[in-house]
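Data block below; observations after.
The values are calculated or read from the model by the stated rules, or taken from the named source; none is laboratory data. Treat the numbers as computed from the prediction; the structure is a model and nothing was measured. Ideal geometry is used to build each Cβ from the backbone, glycine not excepted, and the neighbour counts take in all protein chains shown.
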Amino acid sequence: MTASEQTRIAYLQAMGIDVWVRREHVSTSDTEAAVGEVPSVVAASGMPMPAGDVATLDWAALEARVAGCTLCELHRSRTQTVFGVGNRAADWLVIGEAPGADEDRQGEPFVGRAGQLLNEMLRAVGMSREQVFIANILKCRPPRNRDPRPEEEAACTPYLYRQIELLQPKLVLALGRIAAQRLLGTDASLSRLRGSVHTHAATGTPVVVTYHPAYLLRSPAEKRKAWQDLLFACSVASDRA
């Protein structure tokens, strides 16, 4: 066994997985593809739209726009916005649901225990946090970590889509049911969404769905399934190389 293989097994053990078996893909015999349409966010919807043309903003201008955003009520309770962090030329874009209390204080996504597990998950497939870009559906923390509301998603969606356009990643990895459903415009369960390649309708980017690290902390028995999802995501990204 090579030193790199030993290191990878050590990371898997940190995730709570005892045996490492390389797989080329995840079986989809018990899953169904559920590629949904992401509704367009238009002024006719009655929901707030970002001021100006977000589609023309570069990284610096987009980050400044997000930092000063007051389009929904979440700006009243936030400590700061959580724009996203990582490599702005990354092949992978990792998307969660919304910032939590730690993220709201530090202004960076996935910085608590769930973030530590996410780091281990990435290392298990040979990547570091610094190699990917990490963002959320929402840029501000919902009070008491409740689910995002439609008007909040509508306000943040153009920002996220612009991030995807600027990155042009080979893959979006959606963490958890809320992120997956919002990205894909579907109400399908996580179990149905896992194991298939979906397409983000607005940008055409491949999307692979897995469990949110916070859920894995509560349900460690599901970590092996998450490992299968990560291997599947690697194969999808490799096909796009």
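A compact table of results
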| item | result |
| --- | --- |
| Whichever residue in the stretch 162-173 is touching a helix residue (DSSP H, G or I) at 6+ places or on another chain (Cβ under 8 Å) and crowded, with 20+ Cβ neighbours inside 10 Å and, among such residues, is farthest from R240 (Cα to Cα) | R162 |
| Pairs, first over 17 Å from E73 (Cα atoms) in the stretch 132-144, second among the β-branched types (V, I, T) and assigned to a loop (DSSP other than H, G, I, E, B), C-beta under 8 Å, six or more apart | N136/V82 |
| Residue count for the stretch 52-72, restricted to those that are free of Cβ contacts under 8 Å to residues at least 24 places away in the same chain and either of a type in the set (D, E) or closer than 22 Å to F110 by Cα (or both) | 6 |
| Residue ranges of helices (runs of 4 or more DSSP H) in the stretch 128-241 with at least 1 members in contact with a Lys or Arg (Cβ under 7 Å, 6 or more places away or on another chain) | 150-167, 190-193, 213-218, 223-239 |
| Complete set of residues in the stretch 150-178 that are free of Cβ contacts under 8 Å to residues at least 40 places away in the same chain and basic (K, R) | R177 |
| Candidate set: the stretch 44-84, residues that are in contact with a Lys or Arg (Cβ under 8 Å, 6 or more places away or on another chain) and among the β-branched types (V, I, T); chosen: the one modelled with the lowest pLDDT | V54 |
| Search result, residues across the stretch 71-127 that are basic (K, R) and assigned to a loop (DSSP other than H, G, I, E, B) | R78, R88 |
| Total residues in the stretch 206-228, condition closer than 18 Å to E97 by Cα and touching a residue at least 60 places away in the same chain (Cβ under 8 Å) | 6 |
| Which numbered condition A89 fails, given (1) at pLDDT 50 or above; (2) surrounded by 13 or more Cβ atoms within 10 Å (Cβ to Cβ) | (2) |
| Criterion: modelled with pLDDT of 95 or more, under 13 Å from the mean Cα position of the chain (by Cα) and β-branched (V, I, T) - qualifying residue of V125, V132 | V132 |
